[in-house]
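Working notes for the structure below.
Read-outs: derived from the displayed coordinates by stated rules, not from any lab. Quick caveat: nothing in here was measured; it's all calculated off a predicted structure. So basically every Cβ, Gly included, is an ideal-geometry build from the backbone, and we count neighbours across all protein chains shown.
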Amino acid sequence: MTAKEQLIRLVRMQELVDTVRRAERILASAPGKLEEIENHFRERNAEYVAVQDRFDELELDRKTRSGELEVLEESKTKYTDDLMRVKNQKEYAAMLKEIDNVKAQISEHEDAILRDMEEIEKLKGELATHREHIEQERKSVAVESKSVDTASNEARETIEKLTVQRRELESGLSLSLLASVRRLEDRRRGVFLSRAKDGMCQSCYVRVRPQVFQEIKSATAVHSCGNCRRYLFFEPGIKEAMVDAGFAPVEQSPADAEAEAVNGGAV
Ligand SMILES: [Zn+2]
């Protein structure tokens, strides 16, 4: 493979890497965004949320106690049966004590359940006055969350698709070149390639020797920057060659473009 062909592939790979990294950022930020949406809802509707939280708390308490109540009733029945089989006064007294104990717990649970239910009824009324407003609010939460999910799904698809494309591009390159690309990618936050312009590496602004710059310009050799080690290419020439070789620009989904705007394109 000629140096020019290798450089075309490197430029293309860098484009894919940039797009994949944007997609990865979208994926990574999704859980935080969803949480933020929910938090905003809770902030906007603090009064309603407090009532709803209290309602849920009471419902849970009522449910738990009802379950416990059943167990206590069973114990009471069992102790009452046992009372018929005691052999002496001492056992009888002990059994009566168990029964009194379980009866006290039953009555305590019944009172608490009653209190829960009274408050639940009252809160139901309060919640009903908020219902219409909250339904609207919940709808907008759903719309916002959906757009985060859609962006995540698009990002996932982009990553999958571009990973395959990258593999295809890599298949023609030497193992040593690929190894050093990977190393640079890890160390240089994904940027293994740099423009060379006016005799300088445009990433670290260190000058390259004139002879080397000429070879980069004519794409007759693959060089890397003596300072930052990134591979260097001369953009006008390579972009032209890429068009000739039929490489269309990497397509950007709207979500990618948005992420770029948010991040200011910073890498
Ligand atoms: Zn450099």
| message | Tell me the angle of helix 175-187 to the major Cα principal axis of the chain, expressed in degrees between 0 and 90 and rounded to the nearest ten. | response | 60 degrees
| message | If I take every Cα pair under 8 Å that is 6 or more residues apart in the range 37-162, average their sequence separation and divide by the length, what percent do I get for the relative contact order? | response | 41 percent
| request: Go through the range 213-224 residue by residue and turn each phi into a ³J(HN,Hα) via Karplus (6.51, -1.76, 1.60, θ = phi - 60°); whole Hz please, and just put x for glycine and proline. | output: 4, 4, 5, 5, 4, 8, 6, 9, 8, 9, 10, 10
| Cysteines in the chain lacking a second Cys C-beta under 4.7 Å | none
| For the residue pair Glu135 and Asp81, what label-to-label distance in nm results when each label sits 7 Å from Cα along the Cα-to-beta-carbon direction? | 5.1 nm
| said: Strictly over 24 Å apart at the Cα level, which of Lys33/Lys124; Lys4/Lys197; Lys63/Lys103; Lys33/Lys63 would you flag in this model? | reply: Lys33/Lys124; Lys33/Lys63
| note | Toy charge model, Lys and Arg Cβ at +1, Asp and Glu Cβ at -1: the chain dipole around Cα centroid in debye, rounded to 20, equals 2280 debye
| task | Using only the Cα atoms of the range 1-145, build the gyration tensor, take square roots of its eigenvalues as a ≥ b ≥ c, and label the shape rounded, prolate or oblate: rounded if a/c is under 1.5, else prolate if a/b is larger than b/c, else oblate. | result | oblate
| request: For the range 113-121, just list the computed ³J(HN,Hα) in residue order, Karplus coefficients 6.51, -1.76 and 1.60, θ = phi - 60°, integers in Hz, with x standing in for Gly and Pro. | output: 4, 4, 4, 3, 5, 4, 5, 4, 4
| Helix 3-44: angle to the longest alpha-carbon principal axis of the chain, degrees 0 to 90, nearest 10? | 30 degrees
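If you scale each eigenvalue of the Cα gyration tensor by 5 and take the root, what three semi-axes come out for the chain, rounded to whole angstrom and sorted largest first?
For the chain, the semi-axes come out at 73, 25, 15 Å.
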| Eligible lysines near Lys87 by straight Cα distance, threshold 22 Å, same-chain separation 8 or greater | Lys76, Lys78, Lys97
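I need to check one value: relative contact order of the chain, counting alpha carbon pairs closer than 8 Å and at least 6 residues apart, in percent. Spell out each step's value before the answer.
On the way: 211 pairs, mean separation 80.8, N = 267.
In percent, rounded to a whole number, it is 30.
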| request: Starting from the Kirkwood radius over alpha-carbon pairs of the range 62-194, derive D by Stokes-Einstein at 20 °C in a medium of 1.002 mPa s and give it in µm² s⁻¹. | output: 94 µm²/s
